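Colleague: Got a structure here, written out as structure tokens. Questions coming.
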Amino acid sequence: MVNEGEVSDGSKEVQDRNERGLARRIWLGFAGLLSGLVSKLSKVWGKVCGVGSEDPRRVCHCLKVGLALTVVSLFYYMRPLYESIGSNAMWAVLTVVVVFEYTVGLNRVAGTFLAGALAIGVHWVAAHCGETLEAAILRTSVFLLASAATFSRFIPIVKQRFDYGAMIFVLTFSLVSVSGYRVEELFELAHHRFSTVVLGTAICMLICIFVRPVWAGQDLHFLIVRNLERISDSLDECVLKYFEDDKTLIDGDEERCKRILKYKSALNTKGTEDSLANFARWEPSHGQF
């Protein structure tokens, strides 16, 4: 006969082994999940480092945006500065986010100033037309100007040169028009809004120009020089090959094939050239440009 104590001890031992096996499986699953997560994070970090090392100016641009927002946020954190502007300091923060560009350009700046001036003008007209017509005039102006500015972005020449400016125009005009409807002191509102927009824009322009500036005109110049060099290398190789005795291209001569096909990389940069030329039009005079 089997002793009951031995049976209970055996079942307890089996139960302990099962529990240890379950705990081991849970631990192995958790370790696998953790290692997979670490592997994915390392891949993402590698891609991020690759983007930064490919063009270090991107990292510098991120730091410049952070610096501009930090400087403008001082008008909230420091009481003397806050008392001079008040709660309108948030408009300076919004202006920095909207206006700051990768290159030193005035496209968004022009759209912001134009929209702010038009919004203040519309408010002035609406305020002098009586309380009954004020809301109707504001709603109609937002509808007409926003629709017209949005439609203008589909016109090729406007889309090429003023696309960002038109988008910022719609945003700024709508915000200023809607937010100023129930404000009694219109000119005080206009003064505060204008001062905060100027403040945010000035901070953006100063940081863009004096902290490691990225000039689109200079980038366009270097890109054109590289393209001309590629085309000249391709033409030189074609001429040399044409005047050789053997008119057939050697199969193993990969270096010569690459030199001949350099013209393709120059042709593929047309979109980049157009974009840089558009940004360069909005830049102030600098260096040799």
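The values are calculated or read from the model by the stated rules, or taken from the named source; none is laboratory data. Computed from a predicted model, the values in this text were never measured in an experiment. When we count neighbours, we look across all protein chains shown, and the Cβ atoms used for this are built from the backbone with ideal geometry, even at glycine. The area values use the complete protein model at the heavy-atom level, side chains included, leaving out ligands, DNA and RNA. Shrake-Rupley method; radii C 1.70, N 1.55, O 1.52, S 1.80 Å.
Colleague: Need the full-extension length gain, residue 268 to residue 144, defined as separation in residues times 0.36 nm minus the C-alpha distance. One decimal, nm.
Modeller: Between residue 268 and residue 144, full extension yields an extra 40.7 nm.
Colleague: Which value in nm describes the separation of the simple spin-label points at residue 77 and residue 97, placed 7 Å from the Cα toward the beta carbon?
Modeller: 1.8 nm
Colleague: Quickly work out the residue 135-to-residue 209 label distance, labels modelled 7 Å from Cα along the C-beta direction, and quote it in nm with one decimal.
Modeller: Placing both labels 7 Å beyond Cα along the Cβ direction yields 4.5 nm.
Colleague: Sorting 221, 61, 128 by accessible area (1.4 Å probe), largest first, what list results?
Modeller: Correct descending sequence by accessible area is 128, 221, 61.
Colleague: Kindly report, to the nearest 10 Å², the accessible surface of residue 238 as traced by a 1.4 Å probe over protein heavy atoms only.
Modeller: Ignoring ligands and nucleic acids, residue 238 comes out at about 60 Å².
Colleague: Once the whole set of protein chains is in place, how much accessible area is left on residue 174, using a 1.4 Å probe, in Å² to the nearest 10?
Modeller: Here the residue's solvent-accessible area equals roughly 30 Å².
Colleague: Classify segment 80-179 from the C-alpha gyration tensor, please: rounded if a/c falls under 1.5, else prolate or oblate depending on whether a/b exceeds b/c.
Modeller: Oblate, because a/c is 1.5 or more while a/b does not exceed b/c.
Colleague: Measuring with a 1.4 Å probe in the full set of protein chains, what accessible area per residue, in whole Å², belongs to segment 104-167?
Modeller: 57 Å²
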